[in-house]
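Enquirer: Right, I'll just put the structure down here and ask away after.
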Amino acid sequence: MLIDIVAGARPNFMKIAPIIRALKQRQEAGSTLSYRLVHTGQHYDVSMSGAFFEQLGLPHPDVNLEVGGGTQAEQTGGIMARYEALLMESPSALCMVVGDVTSTMACAITAQKLGVPVAHVEAGIRSGDWSMPEEINRMVTDSITNWFFTTSEWAGSNLRKAGIGEERIFWVGNTMIDTLLTNLARLSPPQVWDDQNLRKGEYFVITMHRPANVDSSGRFTETLRSIGQHTRGLPVVFPVHPRTAKTLREIIDLPDNFILAEPQPYLQFNYLVRNAKAVITDSGGITEETTVMGVPCLTLRDTTERPETVDLGTNELIGTNPEAIGPALSRLFAGEWKKGSIPPLWDGKTGERIVQELEKLLLPNSR
């Protein structure tokens with residue numbers, strides 16, 4: 001019974017690793033489930049893709065669609081055409097997509113049009129912000145998904161409100177946290193740690209790539225200056241996303257305490273996060289990792305698709321107004337940041353639960 005596991009962009013790789021590990025364990029125990037790892041090539045350079053496969057122990061992809069760059073529409077069309085050709089030549093029994101990138105939506109559409117059922121890992125999350133390409137990807141994917149694997153009860157409630165039957169929703173936990181917990185002991189300092197003499201709890205990490213934050217050099221400049229002004233001279237390590245780099249070139253005067261770095265491999269980036277005083281970000285996934293590691297997180301967004309990181313975790317939404325950064329950091333330095341807790345089922349066993357459900361769905365005689 002062949003399952004396609006689709007990965008296209010950097011966030012996907014952390015999410016598929018525990019599923020593949022669990023599938024291999026079940027195969028060794030005699031399960032007839034097998035998988036084909038399909039890499040769409042949406043993120044195609046080594047720093048954004050290759051290093052993650054190596055560090056997470058992922059197998060070499062069985063298929064690389066090699067779509068590469070382009071606009072949203074160009075990538076979507078390229079992925080659909082190439083994945084369609086693969087399925088027509090060699091059909092699978094299930095298309096499993098993860099997260100909310102372009103590859104997720106494109107492969108889900110393609111599979112359904114060819115009669116291949118779709119399973120969505122990290123289904124049901126919603127920000128309510130249609131200006132985010134990821135939100136459109138989530139909504140389209142979930143509208144044509146057969147089976148939904150969710151990270152939280154909140155995500156499941158979104159699906160139920162949309163009319164999805166309870167029998168199709170499986171609250172399993174968070175595969176990204178599986179990967180984090182598996183690799184905590186392997187985290188290692190990047191070169192910038194030694195080069196800049198960084199010390200635990202005495203620097204910040206910042207990541208920004210959302211269009212609302214980085215596409216306008218004016219707003220972006222104000223945000224960076226506010227961060228520089230209110231971090232009290234502590235180093236601010238800024239691994240620069242390729243999208244962000246384009247606007248960053250237009251900014252002449254960066255704050256003196258900023259340290260620009262290349263995008264970091266998984267083990268090195270999370271070493272920086274784990275040892276930081278706090279993280280300032282507009283990413284969703286990082287808010288999950290900071291919650292589990294107990295690191296304060298300031299999110300430069302007005303909405304989040306991961307409210308459990310706010311309700312239970314260490315994350316706070318402070319919005320996109322640069323003027324909100326100062327008061328938030330003042331509370332942090334005053335020791336008034338919340339401690340947070342870890343959401344239910346974020347326990348490192350999500351991959352195993354997903355594979356157990358897949359066996360019930362695809363191999364009913366194995367029950």
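The numbers here are math on the coordinates, done by the rules we state, and not lab data. Fair warning: this is a prediction, and the values are worked out from it, not measured in the lab. Virtual Cβ from ideal backbone geometry, glycine too; neighbours counted across all protein chains shown.
Enquirer: Would you kindly work out the equivalent ellipsoid of segment 1-83 from its C-alpha gyration tensor and give its semi-axes, the square roots of five times the eigenvalues, largest first in whole Å?
Expert: 25, 15, 8
Enquirer: When the expected Rg is taken as 2.2 N^0.38 Å, what fraction or multiple of it is the alpha-carbon Rg of segment 212-264?
Expert: 1.07
Enquirer: Find out how many positive minus negative residues lie around Glu305, taking Lys and Arg as positive, Asp and Glu as negative, among other residues whose Cβ is under 11 Å from that of Glu305.
Expert: Around Glu305, the charge tally is -3.
Enquirer: What's the Kirkwood radius of segment 263-320 in Å, using all Cα pairs?
Expert: With all distinct Cα pairs of segment 263-320 included, I get 11.2 Å.
Enquirer: Return the sequence-ordered ³J(HN,Hα) values of segment 179-192 in whole Hz as given by the Karplus equation 6.51 cos²θ - 1.76 cosθ + 1.60 applied to θ = phi - 60°, using x for Gly and Pro.
Expert: 5, 4, 5, 5, 10, 3, 6, 9, 4, 9, x, x, 4, 5
Enquirer: Can I get the semi-axes of segment 227-305's equivalent ellipsoid? Compute them from the C-alpha gyration tensor as square roots of 5 times the eigenvalues, in angstrom, largest first.
Expert: Largest first, segment 227-305 gives 20, 15, 14 Å.
Enquirer: Then there is this: Suppose each label sits 7 Å from its Cα in the direction of the beta carbon; what would the Glu357-Arg225 distance come out to in nanometres?
Expert: It is 4.8 nm.
Enquirer: Suppose every K and R has +1 on its Cβ and every D and E has -1 on its Cβ; what is the size of the dipole of segment 81-201 about the Cα centre, in Debye to the nearest 20?
Expert: Once rounded to the nearest 20, the dipole reads 100 debye.
Enquirer: I'd like to know which of Gly30, Gly41, Trp337 lies farthest towards the positive end of the charge dipole of the chain, counting +1 on Cβ of Lys and Arg and -1 on Cβ of Asp and Glu.
Expert: Selected residue: Gly30.
Enquirer: Show that you can apply the helix-only estimate: for the chain, add -39,500 (n - 2.57) for every DSSP H stretch of four or more residues, divide by all residues, and state [θ] at 222 nm to the nearest 500.
Expert: On the way: 16 runs with 158 residues, N = 367.
So the helix-based figure for the chain works out to -12500 deg cm²/dmol.
Enquirer: What is the distance, in nm, between label points placed 7 Å from the Cα along the Cα-to-Cβ direction at Ala324 and at Asp62?
Expert: For Ala324 paired with Asp62, the spin-label model returns 4.5 nm.
Enquirer: Sorted by packing (mean other beta-carbon atoms within 10 Å per residue), highest first, where do 53-64, 198-209, 215-226, 346-357 land?
Expert: 346-357, 198-209, 215-226, 53-64
Enquirer: Further question on the same structure: Determine by what factor the alpha-carbon radius of gyration of the chain differs from 2.2 N^0.38 Å, reporting the quotient.
Expert: Here the Cα radius of gyration is 0.98 times the empirical estimate.
Enquirer: Round to a whole angstrom and tell me the spacing of the C-alpha centers of segment 76-96 and segment 107-155.
Expert: 17
Enquirer: Under the rule of at least 5 residues apart or a separate chain, name every residue whose amide H is placed under 5 Å from the amide H of Tyr35.
Expert: The answer is Ile3.
Enquirer: Please list 329-342, 307-320 highest first by mean number of surrounding beta-carbon atoms within 10 Å per residue. Please report the intermediate quantities before stating the final value.
Expert: Values: 329-342: 14.1, 307-320: 20.6.
Ranking the peptides 329-342, 307-320 by packing returns 307-320, 329-342.
Enquirer: Non-local amide H neighbours of Phe258 (under 5 Å, H modeled in plane, Pro and chain starts lacking H): which ones?
Expert: Those qualifying (amide H under 5 Å, at least 5 residues apart or on another chain) are Val236.
Enquirer: Something else: For the chain, with only Lys/Arg (+1) and Asp/Glu (-1) charged at the beta-carbon, what is the dipole magnitude about the Cα centre, in debye rounded to 20?
Expert: Value, rounded to 20: 520 debye.
Enquirer: Can you give the local net charge around Leu65? Use residues other than it whose beta-carbon is closer than 14 angstrom to its beta-carbon, Lys and Arg +1, Asp and Glu -1.
Expert: Once positives and negatives cancel, what remains is -4.
Enquirer: Given 37 °C and 0.692 mPa s, how large is the Stokes-Einstein diffusion coefficient of segment 172-225 in µm²/s, with Rh as the Kirkwood radius over Cα pairs?
Expert: Reported coefficient: 224 µm²/s.
Enquirer: Taking θ as phi - 60°, what are the ³J(HN,Hα) couplings along segment 131-138 by the Karplus curve (6.51, -1.76, 1.60), each to the nearest whole Hz, with x for Gly and Pro?
Expert: Here the 3J(HN,Hα) series is 7, 8, x, 5, 5, 5, 4, 4 Hz.
Enquirer: Which one of Gly326, Thr350, Pro307 is farthest out on the positive end of the charge dipole of segment 285-367, using unit charges on Cβ (Lys, Arg +1; Asp, Glu -1) and the Cα centre as origin?
Expert: Positive-most Cα among the choices belongs to Thr350.
Enquirer: Next up: Taking 0.36 nm per residue of separation and subtracting the Cα-Cα distance, what length does fully extending Arg243 through Ala334 add?
Expert: That works out to 29.4 nm of additional length.
Enquirer: Could you give the size of the charge dipole of segment 1-118 about its Cα centre, using +1 on the Cβ of each K and R and -1 on the Cβ of each D and E, expressed in debye and rounded to the nearest 20?
Expert: That gives segment 1-118 a dipole magnitude of about 320 debye.
Enquirer: Related question: Using the Cβ atoms and a cut-off under 15 Å, what net charge is assigned to the surroundings of Lys24, where Lys and Arg are +1 and Asp and Glu are -1?
Expert: -2
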